[in-house]
């Protein structure tokens, strides 16, 4: 690893503060962020309709979209305006590397699912013929512990590589280099990452209560936090100069 590149170890409480910083950026340009996240959600839903192929594309493209969110948040933080075109800024910078991170995440999620089946999670109800979602949910009773393990493993994988998209977008790192730095940063800031995840889930849950309208704020805050967390972990040791972050062409 590059000795000139540093990771700041933060107290656990800073994880919750990332959401507060994200809200400040959202509040300064709410319509723009709602527009960006609505576009992302629409593309995501369209991909999911395509079945397995759409599901694969959905997973592979997520790092590109979250790199786009990080770039848009950075531009806003230095006084630039953001537009709908920023939703695809990650596609124009290191797209192959970002997609490779998506492939790694997708492969890891498949391994988690395989592990859940190996632990005994049933694939489908016994007997021939189709089955309903309700029947499958009822069949899962008693296997909640396997679902919980799978959920935690998925969180670990996503958390370990959470910093990889902005590292690739801002520093032009290779996939392996970005993944190593991301894992190192996540381990060094494990408390902050756990606090951030708990705060994010609480925020999303609260956002669902008023007919889901709160998600218009919660989802943009989640998107912006990709940059806020990266900036505090990787840039705060550079004299707090936000201008140190650069977008690699």
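The values are calculated or read from the model by the stated rules, or taken from the named source; none is laboratory data. Quick caveat: nothing in here was measured; it's all calculated off a predicted structure. Using ideal geometry, Cβ is built from the backbone for each residue, glycine included, and neighbour counts are taken over all protein chains shown.
Kindly indicate whether any position in segment 16-25 is under 15 Å from the mean Cα position of the chain (by Cα) and free of Cβ contacts under 8 Å to residues at least 60 places away in the same chain.
No - not one qualifying residue is present in segment 16-25.
Can you tell me how many residues in segment 187-214 are part of a helix (DSSP H, G or I) and crowded, with 20+ Cβ neighbours inside 10 Å?
Qualifying residue count for the region: 5.
Of all the residues that make up segment 212-249, how many are touching a helix residue (DSSP H, G or I) at 6+ places or on another chain (Cβ under 9 Å) and modelled with pLDDT of 60 or more?
Going through segment 212-249 one residue at a time, the tally reaches 23.
Can you pull out every residue in segment 90-105 that is in contact (Cβ under 8 Å) with a residue 40 or more places away in the chain and either surrounded by 17 or more Cβ atoms within 10 Å (Cβ to Cβ) or within 19 Å of residue 24 (Cα to Cα) (or both)?
Selection gives 90, 93, 94, 97, 98, 100, 101, 102, 104, 105.
Tell me, which residue of segment 130-153 that is assigned to a loop (DSSP other than H, G, I, E, B) and touching a residue at least 12 places away in the same chain (Cβ under 8 Å) is nearest to residue 197 (Cα to Cα)?
My answer is 143.
Starting from residues that are in contact with a helix residue (DSSP H, G or I) (Cβ under 8 Å, 6 or more places away or on another chain) and part of a loop (DSSP other than H, G, I, E, B), keep the ones in segment 15-52 and report whichever is modelled with the lowest pLDDT.
50
Tell me, please, whether a residue that is under 17 Å from the mean Cα position of the chain (by Cα) and assigned to a helix (DSSP H, G or I) can be found in segment 6-14.
There is no residue in segment 6-14 that is under 17 Å from the mean Cα position of the chain (by Cα) and assigned to a helix (DSSP H, G or I).
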